[in-house]
Amino acid sequence: MTTFEPKDIPLYLSIVVPLYNEEESVEKLLSNILEVTKQFDFDYEIIFVDDGSEDDTWAIIEKLKVTTPQLKAIKFRRNYGQTSAMVAGFDYARGEIIVTMDGDLQNDPSDIPLLLEKMEQGYDIVSGWRKNRKDHFSRVLPSKMANAIISFTTGVRLNDYGCSLKAYRSQYIKPLNAYGEMHRFFPALASMTGARITEVPVNHYARKYGVSKYGFERILKVFSDIFAMNLIIRFSSTPLKGFTFSSIPFFLMTVFFAILAVLSWNFQWTSGKTLFFFIAMALSGMAVVHLITLGVLGELVVGTSDLSHTKLPRYKKILMQKGEDEGLKKDQVNAKGHPLDLEVLHDKARTN
Amino acid sequence: MKYSIIVLLELEEMFKGSVQFIQNLYELFSKRQESFELITIINGVGDFMKDELTAFLIRHDTVKALEFNSKTSQAVCLKTALKETSGEIVVVCGSYQQISSDSLLELIDAIDDEVDIVTPWRQHRVDSVLNQFQSKLFNALVRKLTASTYHDTSCTVKVFRREVLENVEIYGNMYRFLSILADKKGFKTKEIKCEHYEQHGKSTYYGLARYINIFIDIFTLYFNTWFTRKPLRFFSAIGVILSFIGLFIALYVFAQKIFLNYSIGDRPLLLLAIFFMVLGVQAASAGLLGEIIAFTHGRNRKEYTVEKLI
């Protein structure tokens with residue numbers, strides 16, 4: 001029960017949809033997707049991930065499976081959240097390109113060809129951008145702020161991190177092995193490995209069924225996640241550097257109190273305070289030592305890990321010179337059989 | 001094989017009745033029609049009882065026994081026993097009879113399509129009042145901290161499907177919380193009221209060391225339940241509280257300086273403020289290290305458990 005059969009036939013496209021209590025929309029969703037995918041001239045699969053729904057979602061999926069062979073489905077034992085649902089989809093997907101979308105009909109499957117077109121141009125991650133969001137102001141504003149902050153802090157500028165409709169080249173997204181609430185940061189995380197990222201405006205529909213699964217508490221969580229993600233991205237490759245830099249204020253404090261201590265001790269300046277200055281110096285010095293020790297420990301932790309985060313694919317084979325032999329060019333086709341856009345590849349080789 | 005019965009013999013608990021208990025178990029299952037195997041895990045070295053046990057083993061060739069060279073954790077014992085057996089449903093028992101035979105059968109029969117793990121809730125306890133009180137307190141604390149509903153986690157007897165132990169990562173003393181951890185992994189759990197049966201339970205009292213161990217276990221469980229994937233949340237909460245205490249004291253002292261013109265340079269209170277802020281930074285930075293560990297080491301451990309694939 002670990003994999004779908006057959007496993008190793010590569011596909012061009014996998015569409016991953018996390019579903020949580022979506023019994024009203026799942027049928028409509030599949031027919032919407034099929035409406036779009038029937039125009040495709042390549043092989044694809046649709047993966048529904050039932051994230052521990054309490055309603056009849058799974059029963060409906062099982063029914064739909066009978067008539068739709070390209071539908072695959074994963075049922076979780078309980079609700080694990082959108083990130084885990086997407087990661088499970090990635091784990092089981094066979095497609096060279098993986099498209100994720102919301103299960104509540106807010107995304108329009110007819111945007112998928114748009115994303116694929118961008119992928120054909122050589123991008124590795126294409127994010128949907130809900131340019132005309134059909135949501136209440138109170139949800140759009142925090143989301144805009146979050147996008148601005150994530151863009152600013154991670155350096156990957158996107159207008160809509162929260163949009164579920166995104167396309168990924170599987171080699172970039174599969175090794176991420178994300179957890180927690182990371183799905184919002186997939187593009188930022190993948191950018192660590194040098195993935196080329198762009199966005200396209202997509203349609204957005206207001207929710208028809210069910211209640212929105214967001215709230216004020218969620219906004220707080222998102223902001224704390226942004227903070228944690230940034231720290232992880234920055235600290236996990238060179239922890240000692242990060243910890244040493246954060247010890248600088250305490251180091252300055254130590255120096256400051258040390259000078260005062262020496263002054264008051266040797267030059268009889270505010271003589272009653274010598275002890276105070278010494279203790280303050282010792283305390284802040286302790287923080288410096290503590291932080292640097294943790295940094296060294298961090299290096300040890302990172303060094304003994306399987307370094308999967310540094311083994312992520314940072315490169316891909318590309319033609320370095322125009323007009324090299326045909327054999328190499330033949331390798332530059334995707335699973336769909338189309339040659340990749342060599343111009344973009346050359347362009348990419350130059351920028352890298 | 002339908003059932004694997006695992007008997008954990010802990011050295012300090014080993015007493016005369018253990019072999020008798022194993023024999024009773026064997027006979028109990030022999031009466032049932034389903035196939036079963038019995039494995040005895042001797043945790044630690046000791047020649048005590050060995051002859052009697054060997055004699056029993058020679059008589060019954062479906063019974064296996066393993067002996068660990070030195071004392072190890074229950075978790076290791078169970079994982080080893082699981083590797084050595086092949087039963088679909090695993091029945092774990094301690095060194096002596098903790099619940100009545102009828103209750104044990106009731107537990108075993110409770111496993112069906114809807115239930116993956118069953119634990120007993122011992123009623124009419126026969127051990128000392130002090131132990132019962134401690135046990136109640138302990139279980140209440142566990143319920144509170146893990147947001148679960150179990151009343152009796154400390155009983156060694158548990159009946160569960162093989163997948164449960166294969167999917168739930170346990171180590172050290174975490175076996176006692178198997179049902180809680182399994183619940184968090186999405187397995188369906190059940191607690192059944194059982195008749196307490198413990199012949200030598202009356203005589204033992206829990207010592208101070210045991211207290212400390214129990215609280216360490218509860219804390220480990222609490223941390224593992226909520227924070228393994230986001231340690232920063234736990235540590236930063238502590239860090240923020242400590243830093244705020246420090247900041248508050250500092251503000252108070254500075255206010256005195258500004259408005260009342262007190263001399264504050266030699267006040268211990270100012271030192272206390274600095275001390276708290278340093279402590280806060282230390283706690284938060286430990287969380288950061290935790291986060292790095294979770295990111296670099298914990299990522300290949302899948303967070304989700306799959307029930308079905310189609």
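The values are calculated or read from the model by the stated rules, or taken from the named source; none is laboratory data. Values in this document were obtained by computation on a predicted structure and should not be read as measured data. Cβ placement follows ideal geometry from the backbone for every residue including glycine, while neighbour counts extend to all protein chains displayed. The accessibility values were calculated without ligands, DNA or RNA, using every heavy atom of the protein model including side chains. Shrake-Rupley method; radii C 1.70, N 1.55, O 1.52, S 1.80 Å.
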Subject >> Residue check for A:Leu263: open to solvent by 20 Å² or more (accessible area, probe 1.4 Å), facing chain B (nearest Cβ under 9 Å) and hydrophobic (A, V, I, L, M, F, W, C) >> reply: no
**OP:** Would you check if B:Gly87 is closer than 30 Å to B:Glu307 by Cβ and open to solvent by less than 50 Å² (accessible area, probe 1.4 Å)?
**Re:** yes
Original post:
Restricting the first residue to the range B:168-179 and requiring it to be open to solvent by 10 Å² or more (accessible area, probe 1.4 Å), which pairs with a second residue that is of a type outside the set (Val, Ile, Thr) and assigned to a loop (DSSP other than H, G, I, E, B) meet a Cβ separation below 8 Å and a spacing of at least six or different chains?
Top reply: B:Glu169/B:Arg301; B:Tyr171/B:Ser73; B:Gly172/B:Ser73; B:Asn173/B:Ser73; B:Arg176/B:Ser154
Original post:
Considering the range A:84-105 alone, what residues qualify as being open to solvent by less than 10 Å² (accessible area, probe 1.4 Å), more than 8 Å from chain B (Cβ to nearest Cβ) and not aliphatic (A, V, I, L, M)?
Top reply: A:Gly89, A:Phe90, A:Gly95, A:Thr100, A:Gly103
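Would you say A:Ser247 is at the interface with chain B (Cβ under 8 Å from one of its Cβ atoms), open to solvent by less than 50 Å² (accessible area, probe 1.4 Å) and polar (S, T, N, Q)?
no
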Subject >> Single residue of the range A:59-82 satisfying the filter (within 8 Å of chain B (Cβ to nearest Cβ) and either within 20 Å of A:Val126 (Cα to Cα) or not in a loop (DSSP other than H, G, I, E, B) (or both)) that is most open to solvent (accessible area, probe 1.4 Å) >> reply: A:Glu62
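Which one of A:Asn79, A:Asn32, A:Asn107, A:Asn21 is at pLDDT below 90 and under 17 Å from A:Asn203 (Cα atoms)?
Working: A:Asn79 fails: under 17 Å from A:Asn203 (Cα atoms); A:Asn32 fails: at pLDDT below 90; A:Asn21 fails: under 17 Å from A:Asn203 (Cα atoms).
On inspection, the qualifying residue turns out to be A:Asn107.
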Original post:
Could you say whether any residue in the range B:194-211 is modelled with pLDDT of 85 or more and open to solvent by 70 Å² or more (accessible area, probe 1.4 Å)?
Top reply: no
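Can you say whether A:Glu117 is acidic (Asp, Glu), assigned to a strand (DSSP E or B), on the phi < 0 side of the Ramachandran plot and more than 14 Å from every other protein chain (Cβ to nearest Cβ), as far as the supplied structure shows?
no
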Original post:
Right, B:Ile241: surrounded by 15 or more Cβ atoms within 10 Å (Cβ to Cβ), touching a helix residue (DSSP H, G or I) at 6+ places or on another chain (Cβ under 8 Å) and away from chain A (no Cβ under 13 Å) or not?
Top reply: no
Original post:
How many residues are farther than 18 Å from A:Tyr92 by Cβ, among the charged types (D, E, K, R) and within 13 Å of another protein chain (Cβ to nearest Cβ) when one looks only at the range A:162-194?
Top reply: 1
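Kindly evaluate A:Val87 against the criterion of being closer than 16 Å to A:His183 by Cβ, at pLDDT 90 or above and outside any helix (DSSP H, G or I). Steps first, please.
Working: closer than 16 Å to A:His183 by Cβ: yes; at pLDDT 90 or above: yes; outside any helix (DSSP H, G or I): no.
No: the conditions fail for A:Val87.
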Original post:
Quick check: is even one residue across the range B:244-256 touching a Ser or Thr at 6+ places or on another chain (Cβ under 9 Å) and either modelled with pLDDT under 85 or within 12 Å of chain A (Cβ to nearest Cβ) (or both)?
Top reply: no
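When you scan the range A:35-58, how many residues do you find that are over 20 Å from A:Pro113 (Cα atoms) and either more than 10 Å from chain B (Cβ to nearest Cβ) or open to solvent by 50 Å² or more (accessible area, probe 1.4 Å) (or both)? Can you show your working first?
So the first thing to find is which residues in the range A:35-58 are over 20 Å from A:Pro113 (Cα atoms), and the list is A:49-58.
Imposing the further condition that a residue be either more than 10 Å from chain B (Cβ to nearest Cβ) or open to solvent by 50 Å² or more (accessible area, probe 1.4 Å) (or both) reduces the set to A:53-57.
Number satisfying all stated conditions: 5.
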Original post:
Which residue, of B:Phe56, B:Phe138, B:Phe133, B:Phe160, is of a type in the set (Phe, Trp, Tyr) and surrounded by fewer than 16 Cβ atoms within 10 Å (Cβ to Cβ)?
Top reply: B:Phe133
Original post:
For the range B:258-310, which residues satisfy the criterion of being touching a residue at least 40 places away in the same chain (Cβ under 8 Å), within 30 Å of A:Ala59 (Cα to Cα) and within 7 Å of chain A (Cβ to nearest Cβ)?
Top reply: B:Glu303, B:Thr305, B:Glu307
**OP:** Please tell me if A:Ala258 is assigned to a helix (DSSP H, G or I) and either more than 10 Å from chain B (Cβ to nearest Cβ) or in contact with a Phe, Trp or Tyr (Cβ under 7 Å, 6 or more places away or on another chain) (or both).
**Re:** yes
**OP:** Spot the failing condition for A:Asn32; the list is (1) surrounded by 15 or more Cβ atoms within 10 Å (Cβ to Cβ); (2) assigned to a helix (DSSP H, G or I); (3) within 11 Å of another protein chain (Cβ to nearest Cβ), and only one is missed.
**Re:** (3)
Original post:
In this structure, is A:Ala206 within 30 Å of A:Met101 (Cα to Cα), at pLDDT below 80 and facing chain B (nearest Cβ under 10 Å)?
Top reply: no
Original post:
Is it the case that some residue within the range B:108-123 is among the polar types (S, T, N, Q), farther than 26 Å from B:Val90 by Cβ and in contact with a helix residue (DSSP H, G or I) (Cβ under 7 Å, 6 or more places away or on another chain)?
Top reply: no
Original post:
In the range A:119-155, what residues are modelled with pLDDT of 85 or more, open to solvent by less than 50 Å² (accessible area, probe 1.4 Å), closer than 17 Å to A:Asn203 by Cα and not polar (S, T, N, Q)?
Top reply: A:Val126, A:Gly128, A:Arg130
